[in-house]
Amino acid sequence: MKAMRKVLIGAAIGAGVLAVSAVSASASIVCSGNVCWHTKDRYHYPRDSRVVVHADSWRHGPSISFREHEGRGYWHGDSWKSW
């Protein structure tokens, strides 16, 4: 009985760790034209920004370039527009 209890407790702890790590690992790839960047947060971008949000598993083509930037905003040409 004690062994079965340890197995069940271990399974519950393992499931909890997996659930927490799955939630914190969510991310998106956001693109404006052929420029993309990674984001951890989902924002409602302004309509005139013309950004497209993809899942983190999205595969980009060779014409896409990545420019990373912190904070809320989007790339418009060569400049970062915050809001």
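The values are calculated or read from the model by the stated rules, or taken from the named source; none is laboratory data. Just so you know, these numbers come straight off a predicted model, no measurement behind them. Every residue, glycine among them, receives a Cβ derived from its backbone with ideal geometry; neighbour counts consider all protein chains shown.
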Any chance residue 28 is touching an Asp or Glu at 6+ places or on another chain (Cβ under 8 Å) and at pLDDT 65 or above: yes
Residue in region 51-71 that is in contact with a helix residue (DSSP H, G or I) (Cβ under 7 Å, 6 or more places away or on another chain) and among the polar types (S, T, N, Q) present: no
Residue that is modelled with the lowest pLDDT [pool: residues in region 35-64 that are touching a strand residue (DSSP E or B) at 6+ places or on another chain (Cβ under 7 Å) and loosely packed, with under 12 Cβ neighbours inside 10 Å]: 42
